[in-house]
Amino acid sequence: MKTLRNICSIVLHVLAGLVVAMAETIAFFQMPVKGKLMVLGGFAITAVVLFAAAMLLGKFRSRLRPVGICLLSASAYMAFSALAFVCMLMTPELMQMIATQTPGFRMPPYSLGDGVAAMGVVVCAGGWLMRMTAQRPAQG
């Protein structure tokens, strides 16, 4: 039974990490501020519920350490995706292909600042959780 609980906990941690990654992706989109905050709030609440369920199910010694690992992993994935997207947009071949297929093409504005801010908040939270749960050497 303990093994099944740990497996369910790991699955819930993975799902919560995917929800965090989706929220970070949406933070890069150009949307009205009120709508963006509502969507991000919905994703944040969903991630918190999934993380809480995973912590209750899992009998890991340190309950917050897997949450920090998930947050850092989701941010690393999003940073890699953003870098890949920027590199792809810098190729003249892609811009030429898009321009020939779509007359009057303009690059849609992406809110880079909001996305980077969201990634920074998640990285800080994940790093804080990892540091808070780190093993401290015995003093004596």
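The values are calculated or read from the model by the stated rules, or taken from the named source; none is laboratory data. Please read these numbers as outputs of a predicted model, since none were measured by experiment. When we count neighbours, we look across all protein chains shown, and the Cβ atoms used for this are built from the backbone with ideal geometry, even at glycine. Heavy atoms of the whole protein, side chains included, go into the accessibility calculation; ligands, DNA and RNA do not. Shrake-Rupley method; radii C 1.70, N 1.55, O 1.52, S 1.80 Å.
What the table shows:
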quantity: Among residues of region 11-26, those that are open to solvent by 40 Å² or more (accessible area, probe 1.4 Å) and either in contact (Cβ under 8 Å) with a residue 40 or more places away in the chain or over 17 Å from residue 119 (Cα atoms) (or both), counted; calculated: 5
quantity: Qualifying positions in region 88-107 - assigned to a loop (DSSP other than H, G, I, E, B), free of Cβ contacts under 8 Å to residues at least 12 places away in the same chain and open to solvent by less than 90 Å² (accessible area, probe 1.4 Å); calculated: 91, 102, 104, 105
quantity: Matching entry among 50, 89 (being within 22 Å of residue 128 (Cβ to Cβ) and not aromatic (Phe, Trp, Tyr)); calculated: 50
quantity: Which listed residue, of 29, 85, 43, is at pLDDT 90 or above, within 21 Å of residue 123 (Cβ to Cβ) and not β-branched (Val, Ile, Thr); calculated: 43
quantity: Test: residue 8 is surrounded by 14 or more Cβ atoms within 10 Å (Cβ to Cβ) and within 13 Å of the chain's Cα centre (by Cα); calculated: no
quantity: Filter pass, residue 55 being of a type in the set (A, V, I, L, M, F, W, C), modelled with pLDDT of 85 or more and in contact with a Lys or Arg (Cβ under 7 Å, 6 or more places away or on another chain); calculated: yes
quantity: Sole exception among (1) open to solvent by less than 30 Å² (accessible area, probe 1.4 Å); (2) over 22 Å from residue 128 (Cβ atoms) for residue 29, by number; calculated: (1)
quantity: Per-region count, region 45-87, residues surrounded by fewer than 18 Cβ atoms within 10 Å (Cβ to Cβ) and outside any helix (DSSP H, G or I); calculated: 6
quantity: Filter result (outside any loop (DSSP other than H, G, I, E, B) and not polar (S, T, N, Q)) within region 17-33; calculated: 17, 18, 19, 20, 21, 22, 23, 24, 26, 27, 33
quantity: Selection status of residue 117, open to solvent by 50 Å² or more (accessible area, probe 1.4 Å), at pLDDT 85 or above and under 17 Å from the mean Cα position of the chain (by Cα); calculated: no
quantity: Residues of region 62-79 satisfying the condition of being in contact (Cβ under 8 Å) with a residue 40 or more places away in the chain and aliphatic (A, V, I, L, M); calculated: 64, 67, 69, 71, 72, 74, 78, 79
